[in-house]
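Step one of this worksheet: look at the structure below.
The values are calculated or read from the model by the stated rules, or taken from the named source; none is laboratory data. Being a predicted model, the structure only gives us computed values, none of them experimental. Methodologically, a virtual Cβ is constructed for each residue, glycine included, from the backbone with ideal geometry; neighbour enumeration extends over all protein chains shown.
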Amino acid sequence: MDVVEAGLLGVRAAVSQLARRETPLRFTIYPMVHLAEPAFYAEVSRRLRDHDLIVAEGINGPAGSHSTASRLTQAYRLASASERLGLVGQTRAVYEVGVPILWADMSGAEFADKWRKLPLVERAVANVAAPLTGLYLRTFGTREALARQLATDDDTDIDEWRPELGLDRLIKDDRDALLIQAVTKICEERQDEHIDVAIVYGAAHVPPLVAYLMTALGYVVIDAEWVTIFDY
């Protein structure tokens, strides 16, 4: 399953709707990236207004990012200042469309606690790599190079999974579990309602989520549409 495609037409995200025959509850999944053209975020916001509930990622909930998590994402903030790239960073304004939001993520305290338990070497490498990557993208980065890093499908999800690394478990596995837990609870409590729930989460989390919805909950993809993240 292609989640984010980097091709001749640019970089595109597959917005997929899933449903099951037994119940009316539907899910629409929006794969998100940290850098995109403003039009991408505007289009996602426009579509979110038609949903009944938004399930979103965000360390520390609506109050703002915790400083630890913020350090890890500074590469994207630095890159968003690049005139060469001409891209902007994702903000919480994308979700703020007047629809109820369920934050399916860690609190800042939870993230910081798990971060402190990582090996010192992993923390040091991450703290150094984030700003260096951001400065490189800001100075030398191109959309084509960034596109190769953003492409995501079932195969890349497996190929890039490094469960032996504590940081990978923290950033991906632990948060996958929180997302799946939230989706399961919605299914249990609201499966008989005629609602469409938007799941707005990082693209890397989409393959395991879709696999869970299909294998454990009996959902199938009934529609999918490409939305342009940026072109070249």
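Taking the criterion of being in a helix (DSSP H, G or I), over 14 Å from I171 (Cβ atoms) and not aliphatic (A, V, I, L, M), the residues of the range 109-126 that qualify are D113, R116. Taking every residue in the range 98-110 that is within 26 Å of R49 (Cα to Cα) and pairing it with any residue that is of a type in the set (A, V, I, L, M) and part of a loop (DSSP other than H, G, I, E, B), at least 6 positions away or on another chain, the pairs with Cβ-Cβ distances below 9 Å are D105/I59; M106/I59; S107/I59. When the residues of the range 186-208 are filtered to those that are part of a strand (DSSP E or B) and among the hydrophobic types (A, V, I, L, M, F, W, C), the one that is farthest from A13 (Cα to Cα) is V197. The combined condition, being at pLDDT 95 or above, farther than 30 Å from R84 by Cβ, touching a helix residue (DSSP H, G or I) at 6+ places or on another chain (Cβ under 9 Å) and not in a loop (DSSP other than H, G, I, E, B), is not fulfilled by A224. If the condition is being modelled with pLDDT of 95 or more, over 23 Å from L137 (Cβ atoms) and not acidic (D, E), then the range 32-66 contributes S45, R46, R47, L48, R49, H51, L53, I54, V55, A56.
Report yes if some residue within the range 142-158 is farther than 24 Å from T228 by Cα, at pLDDT 90 or above and touching a Pro at 6+ places or on another chain (Cβ under 8 Å); otherwise report no. No: the range 142-158 contains no residue that is farther than 24 Å from T228 by Cα, at pLDDT 90 or above and touching a Pro at 6+ places or on another chain (Cβ under 8 Å). Every condition in (1) within 16 Å of R71 (Cα to Cα); (2) in contact (Cβ under 8 Å) with a residue 12 or more places away in the chain; (3) charged (D, E, K, R); (4) exposed (fewer than 12 other Cβ atoms within 10 Å of the Cβ) holds for K114 except the one numbered (4).
Of the residues making up the range 68-108, those that are among the hydrophobic types (A, V, I, L, M, F, W, C), in a helix (DSSP H, G or I) and touching a Phe, Trp or Tyr at 6+ places or on another chain (Cβ under 6 Å) are A69, V94. When the residues of the range 3-33 are filtered to those that are of a type in the set (A, V, I, L, M, F, W, C) and either under 21 Å from D52 (Cβ atoms) or without any contact (Cβ under 8 Å) to a residue 60 or more places away in the chain (or both), the one that is surrounded by the most Cβ atoms within 10 Å (Cβ to Cβ) is I29.
Scan the range 7-30 and tell me whether some residue there is in a strand (DSSP E or B), out of contact with any Lys or Arg (no Cβ under 6 Å at 6 or more places or on another chain) and of a type in the set (F, W, Y). Yes, there is a match, as at least one residue in the range 7-30 is in a strand (DSSP E or B), out of contact with any Lys or Arg (no Cβ under 6 Å at 6 or more places or on another chain) and of a type in the set (F, W, Y).
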